[in-house]
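So the structure is just underneath, and the comments pick up after that.
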Amino acid sequence: MLPFKLPPQILRLVLVAMAIVGSYFVARSFLVPPSFGQYGWYRGAALAEIASREPVFAGKQSCDECHSDILHKLAKDAHKTLSCEGCHGVSREHGNNPDILPVKSTGSHCIRCHEANLARPTWLKQIVVKDHYGPKCTECHLPHQPTKSP
Amino acid sequence: MKNQINRRSSLLRMGGALAGLLTLSAAKTAKAAVQTVFVSTSAPKGYDPTKHKWLMCIDDNKCIGCGLCAEACKKENGVPEGPYFRTWIERYIIPKPKPGSGETRGEAIVDSPNGGIPKGGVSAFPEPTLPKDQIEHAFFVPKLCNLCENPPCVQVCPVGATFKAPDGAVLIDPKYCIGCAFCVQACPYGARFLNPVTKTAEKCSLCYHRITRNLKPACVEICPAEARIFGDLNNLHADDPIQKFYEKNRVQVLKPHLGTEPRVLYAALDKEVR
Amino acid sequence: MINEVTNIVVETLPQIQGYVYPNESNVHPVWSVLIVIYPYITGLVAGAFIMASLVRVFNVKALAPVYRMSMLTALAFLLCATLPLLCHLGHPERNYEVMMTPHMTSPMAIFGFVYAWYLMAVLLLELWFDFRQDFVKWSKTTPGFQGLIYRVLTLGVTDVSEQSVRLDMKMEWILSIVGIPSAFLLHGYVGFIFGSIKANPWWGNVLMPIMFILSAIVSGIALCVFNYIVLTWIRRKTVNMRCLDAMAMFLFYALLVDAVIETLDVLHRGFAAEEGFAVLQTMIREKLFYTLNIGQVGIGTLVPLLMLGALQLLRHRVPEAVRRTMIFCSGAMILFGVLMMRWNVVMGGQFFSKSFRGVMSYKMEFSGQEGWLLGAAIMCLPFIILTVLVKLFLSESEQLQPCEHLPENSSKT
């Protein structure tokens, strides 16, 4: 077949090499995931898989359905940029089933944002809690309309 | 004698062909079986990654250091307790120069206790050790994956488990990651870590499961000060916050000399931030 | 009370000075002991091979007695080279992906192929051609299981005619020539794994591959010196002093070049004093003081340089036994020093924050996945393999000589 005869040891090595390379390609056809290379050097299906995780936070918009009054109130006052879940905690389950109530919001979390701190920007109204009027913030400030008092 | 051999060889040949066919089909089913491991089952529909280009802008004048973003991120993405953060807040305190030292400003003091997440409800950041009159500036900086255009972490991943999606999000395929931590070393921003539970690399995914459902990332959603602005460059509308941000600010990125071309743009950044 | 104490132990955070990114303030480093010995082992492979190539390619006859031993050393270590990498993975069972879907821009993926090429196309082939004749011979004389091994290793080729032996020689020569750049590539690539990380000023450095190659050559020759002396001692043979002196000479020059390049690196860093230089200084002063200044520079470089240099000058005035001890000691010290160098590179790159604002110390595990114990076990493995290989392929009678068909004999045949 060949124009010249391969020496036996070379022939044997060529066979071994072919077997190794061959089995590499067989293994490759098995083990490379099907969507690999769809968009680039990665599993295209991974995008959908990563996206398939269920969101945890419901978002402000989803409260609009039942609490539009509060959303309105909130939007008109100083807390307009705040998200409901920033104060009430994750409320996704509550949105789907109002019987499960979100964690009761108390005044204590107010100081998380309002306690005076040097590093805070000056536009934010800050108080030194010790020197402020009292620890029960909601007695004097409506949480949804903080400039108003009850 | 000769006849017999002939018959035997033809039988052999037929047997061989049959065996070949059988192994071929067996191989096919085996291949399918092997590959189902990689096939996803719950693909959300109606999202085309090629039609979006996400980016995040951070207006550093606005961050109030409440830590809600870092906390929400942990909840949203199930990040384990401990020193593992997809996003976190740093506090910079820049003292006044010592009198007569000839410096323009003192050596910056940086901290980020528990990533900025308050442990007892008040604030994660303790009172600065310096007295107030010695402090020139103090401010917070939110940090996250910088969504590099040329991500060094993707460059070094040996298997293609981390990648830049067509929509600009740099993601990690948790089913494919081998956990070599090369990307953790390569990220200049310290945005990656090895998840101690799954033993794979992890980082901010821009809440990919939210943005593909038309929700904002959890940190953006929760931010009370609009310090984080999130948008889609391919679908900008007239009063898009991103557009406004661009018009109002000159922007800067972190560690620009590394040529990573981040797509997380900061306004009002200080030179000490890196 | 006991409860409190255990809580404290569990919650010991790494010691941190200054600021480090929250993700960096882990108790254990991301890369640990295993990644320290990984470049160490590959370096030994490359070095041992290059030493063997001196015989084949550059025709250094004095080194002929250790040709086969250094080739087998290279093989034994190469077989273990990927082991530390594999053990350190978070998902070792997914390792096949590196070969199946190698990401071409990643030094680690390319390393897989460079490794496979080097193992199969260079080292195994060259050894096979070198030993083929002997396999044929031994397979006929050795009974039992060992004989079977030899028979399998012949791959069924029993032709030992003069013509085919001449072909073997030619192939070996070609393979050695291919092998030298391959060995450089193998270890250069390991250096590149670190050198390519631009985020880390301790690693991201163009000189890194070159420093890795040079220290690899040094450590490889030192390992051959070490193994040779130990092997002759075990077999109660006398050391061939001509050979040992030649090894010492090459060791000296390689070490000299290595030391110069590393000094250049230090000078360049100090002169450029780029961003992050201050934190590197702190790190060297506080975290790497012993391993760098004493381990790598003192024990690993200066003392051996002095000893070997003195031997170069005064070779004939020093009695043989003293010379032997000195060479052995400097070999062992270099082996230790290069291990320290790997430690300094790998761990040094993790002792400071990429924010360049702080340094951290880590707690090294003892028995965990990346612990000392596993590291030590992996370090022992190549020696065990080498023992088996030497038992099988370096019979006592041969005085560690290479097979007869060295290039210098080629004119005879």
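Laid out as a table, the results:
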| item | result |
| --- | --- |
| Filter result for the condition that a residue is in contact (Cβ under 8 Å) with a residue 40 or more places away in the chain, under 23 Å from B:VAL253 (Cβ atoms) and within 13 Å of the chain's Cα centre (by Cα), over B:LYS164, B:LYS143 | B:LYS143 |
| When residues of segment B:106-140 are limited to those that are touching a residue at least 24 places away in the same chain (Cβ under 8 Å) and in a strand (DSSP E or B), the one surrounded by the fewest Cβ atoms within 10 Å (Cβ to Cβ) | B:GLU136 |
| Residues that are small (Gly, Ala, Ser) and either at positive phi or buried (at least 17 other Cβ atoms within 10 Å of the Cβ) (or both), drawn from segment A:41-55 | A:GLY44, A:ALA45, A:ALA46, A:ALA48, A:ALA51 |
| Matching option when the condition is farther than 30 Å from B:ALA26 by Cα and exposed (fewer than 13 other Cβ atoms within 10 Å of the Cβ), among A:HIS132, A:HIS94, A:HIS72 | A:HIS72 |
| Qualifying residue in segment A:10-26 (condition: charged (D, E, K, R), more than 40 Å from the chain's Cα centre (by Cα) and either surrounded by 14 or more Cβ atoms within 10 Å (Cβ to Cβ) or more than 30 Å from C:ASP159 (Cβ to Cβ) (or both)) | yes |
| The lone exception for C:THR101 - which of (1) touching a residue at least 12 places away in the same chain (Cβ under 8 Å); (2) more than 24 Å from the chain's Cα centre (by Cα) it fails | (1) |
| Listing of helices (runs of 4 or more DSSP H) fully contained in segment A:81-133 that carry 1 or more residues being in contact with a strand residue (DSSP E or B) (Cβ under 9 Å, 6 or more places away or on another chain) and either more than 10 Å from chain B (Cβ to nearest Cβ) or on the phi < 0 side of the Ramachandran plot (or both) | A:110-114 |
| Residue in segment C:145-162 that is more than 30 Å from C:LEU85 (Cβ to Cβ) and buried (at least 19 other Cβ atoms within 10 Å of the Cβ) present | yes |
| Enumeration of residues in segment C:260-276 that are within 14 Å of another protein chain (Cβ to nearest Cβ) and surrounded by 14 or more Cβ atoms within 10 Å (Cβ to Cβ) | C:GLY276 |
| Hey, A:ALA78 surrounded by fewer than 18 Cβ atoms within 10 Å (Cβ to Cβ), at pLDDT 85 or above, closer than 30 Å to B:PRO128 by Cβ and out of contact with any strand residue (DSSP E or B) (no Cβ under 7 Å at 6 or more places or on another chain) or not | yes |
| Complete set of residues in segment B:206-232 that are surrounded by fewer than 24 Cβ atoms within 10 Å (Cβ to Cβ) and of a type in the set (Gly, Ala, Ser) | B:ALA225, B:GLY231 |
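Each row is one residue, and each column tells you yes or no for (1) surrounded by 14 or more Cβ atoms within 10 Å (Cβ to Cβ); (2) away from chain A (no Cβ under 14 Å); (3) out of contact with any helix residue (DSSP H, G or I) (no Cβ under 9 Å at 6 or more places or on another chain); (4) more than 22 Å from A:THR81 (Cα to Cα).
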site: B:HIS52; (1), (2), (3), (4): yes, no, no, yes
site: B:ASP59; (1), (2), (3), (4): yes, no, no, no
site: B:CYS69; (1), (2), (3), (4): yes, no, no, no
site: B:ALA72; (1), (2), (3), (4): yes, no, no, no
site: B:VAL79; (1), (2), (3), (4): yes, no, no, yes
site: B:GLY100; (1), (2), (3), (4): no, yes, yes, yes
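Here is a yes/no grid of residues against (1) more than 30 Å from C:GLU162 (Cα to Cα); (2) away from chain B (no Cβ under 13 Å):
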{"site": "A:LEU13", "(1), (2)": "no, yes"}
{"site": "A:VAL21", "(1), (2)": "yes, yes"}
{"site": "A:VAL26", "(1), (2)": "yes, no"}
{"site": "A:PHE30", "(1), (2)": "yes, no"}
{"site": "A:GLU54", "(1), (2)": "yes, no"}
{"site": "A:GLU65", "(1), (2)": "yes, yes"}
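The values are calculated or read from the model by the stated rules, or taken from the named source; none is laboratory data. What you see is a predicted model; the values in this text were computed from it and never measured. In this analysis, Cβ positions are derived from the backbone assuming ideal geometry, glycine residues included, and neighbour counts consider all displayed protein chains.
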